[in-house]
Structure formats: structure tokens, C-alpha cells
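Let me begin by presenting the structure, written as C-alpha cells, before commenting on it.
The values are calculated or read from the model by the stated rules, or taken from the named source; none is laboratory data. These numbers were taken from a predicted model, which means no experiment stands behind them. FYI the Cβ positions are ideal-geometry reconstructions off the backbone, even for glycines, and counts take in every protein chain you see. Surface areas here come from the heavy atoms of the whole protein model, side chains and all, with no ligands, DNA or RNA. Shrake-Rupley method; radii C 1.70, N 1.55, O 1.52, S 1.80 Å.
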Amino acid sequence: MYALTVKDISVTYDKQLALENVSFAVPEGSITGIIGPNGAGKSTLIKSILQLLPTLSGKVEVFNKPIRVQKKIIGYVPQRSEVDWDFPTNALDVVLMGRYNHIGLFKRANKKEIVWAKHCLERVGMQAYASRQISQLSGGQQQRVFLARAMAQDAKIYFMDEPFAGVDASTEKAIIQLMKEWKEEGKTVLVVHHDLQTVNDYFDHVLLLNKTPIAYGETNRVFTLDNLEEAYGGKIAFLQKEPTAVKGST
Ligand code: ADP
Ligand code: MG
């Protein structure tokens, strides 16, 4: 069973093609790393899948249904730089926003919802910051709050855009642990990622993208030096110092 199928998606900004004929199908219960150079269209891909951008052409299905009827089972952790961190709201309310699909937009959260949201904050080590304004949290703390929000949502498929960017080692560990727990629960996770050194550890599937897919599939088959060179245009010399980063390549 595929959790996500993307067929022939193309996206333009001001008539410039950002994505061209992107197709791939993600098995349920997998963790996919979306890898590619800056400007490859990784964020654009996630946003177009989630219908946050107009898509020129193509089709997206989540568990064989159009995405617009599946929003309840989709969780999204946007790229940190795209969030308005000055928005006057506290950590607990951000987590409760992840529950709107369950609560209903204009209803107040009940006690049970609040207890659940607090539990999610606790799981990411942020219980002490529930009433702190999000503008007054460090980058890693903000990321943990967004993680708690995703957890609170209890989605079946998660999209995370560079969740490790600018976080400390312990936050990165907390995020990867949560992703692996989600996988064990049968959830499907897609993660935009740029640290090539950790790809083998973190992901069982990889989508190598540069405007169009270079390769998609199991990490040990896709994450090869040849494919990386194709995706990055030969600018990955630093990898050779760390042969473990490309173990599995032949
Ligand atoms: P990535 O996340 O892989 O770094 P993006 O998806 O953010 O790449 O961007 C892909 C391409 O589309 C880049 O060339 C970028 O400059 C362009 N782009 C992204 N967002 C916009 C936008 N809102 N308007 C115009 N061009 C954009
Ligand atoms: Mg991006």
C-alpha cells in the first residue's frame, strides 16, 4: 500500500519551472529523506503536495484518495525560516493548533485536548515552557514545539521541512527518535534533509531531487556516489573524505 503517490507534478513560479515531471510513490511505514542542492525544489515539492501552492499539472494521492479529503491524516512541520515567530502565541497554543482538525476551528479546546497537548510538550522536553511566547524560545526549542504540534495531531503521514536546521545535537536526537517511533507505529514520514553524512542512519528511502527526480527508492540503492554527483552536479568532493557516508554505493 502506498501512503503517497505523486504523478507528474510540475510547478512554476512566474513562468519559471521549479519542478518538472516529479513522480514517485512512497510505501506506508517508511521514512524518506528528500535530498538535493539548494534551490532543487524540495520545499516547493512539499508545499505543492500539500496544496499550499498552485500546481501547474500532475496528481497527488494519499492512501489512494485526493489530498483534499485526507487533510486530517496529514501533519506538516514547515521550514523554520518560513514561520512567523513573532506571532503572539504561546507554546501550548501552538501545539493545540495541531488539534484543530479534532477540536473544530472555532471551538475551545476541552480539558482532554489540553492534557494531550501538554503531554506532547512533555515528550519533547518542553513542558516547562507551555506558557512561554514562541518569540522567546531558542531555535531548538521552537523546533521542539513544532514537533509537539505534529505529535499532537496524530497524523498518518508527516511532512517535515529541514527539521534539523539550526538545532542542537540533543534536539536532533529527539526529532530522529520521534520519527523512528512514528515509523514503528506504521506512520509514514517524509523529511527534507541536507546533511548527507546522516542519510544512511536516518532514512530507509531517499528521493534525490534536482528540479526533477534523479532517483527514488531504498537508501542503499539510491544513495550512491553516482546519483549524488548527478543531483549535485559533481560538487560533492567532501564526501570522499567520509566514505561511510556513501556506504552501500557500488
Ligand atoms: P529548496 O527547498 O530545495 O532549497 P525551493 O523549493 O525553496 O528549493 O525553491 C526552488 C526554486 O524555486 C528556487 O530556484 C527558488 O528560488 C524558487 N522559488 C521558491 N519559492 C519561490 C517563490 N515564492 N517565488 C519565486 N520563486 C521561488
Ligand atoms: Mg527548502
Considering only segment 56-84, state which residues are over 19 Å from the mean Cα position of the chain (by Cα) and either surrounded by 13 or more Cβ atoms within 10 Å (Cβ to Cβ) or assigned to a helix (DSSP H, G or I) (or both).
Leu56, Gly58, Lys59, Val69
Could you please give the count of residues in segment 183-225 that are of a type in the set (Asp, Glu) and assigned to a helix (DSSP H, G or I)?
2
Tally the residues that are surrounded by 15 or more Cβ atoms within 10 Å (Cβ to Cβ) and farther than 23 Å from Lys187 by Cα, restricting the search to segment 213-234.
9
Could we say that Ser23 is outside any helix (DSSP H, G or I), more than 16 Å from ligand 2 (Cβ to nearest atom) and surrounded by 15 or more Cβ atoms within 10 Å (Cβ to Cβ) here?
no
Within segment 52-66, does at least one residue satisfy the condition of being within 16 Å of ligand 2 (Cβ to nearest atom) and either closer than 14 Å to Ala231 by Cβ or out of contact with any strand residue (DSSP E or B) (no Cβ under 7 Å at 6 or more places or on another chain) (or both)?
yes
Neighbours by Cβ (under 6 Å, 6+ apart or cross-chain): first from segment 91-104, assigned to a helix (DSSP H, G or I); second at pLDDT below 80:
Leu96/Ala109; Ile103/Ala109
How many residues are in a helix (DSSP H, G or I), more than 18 Å from Ile35 (Cβ to Cβ) and open to solvent by less than 10 Å² (accessible area, probe 1.4 Å) when one looks only at segment 143-177?
7
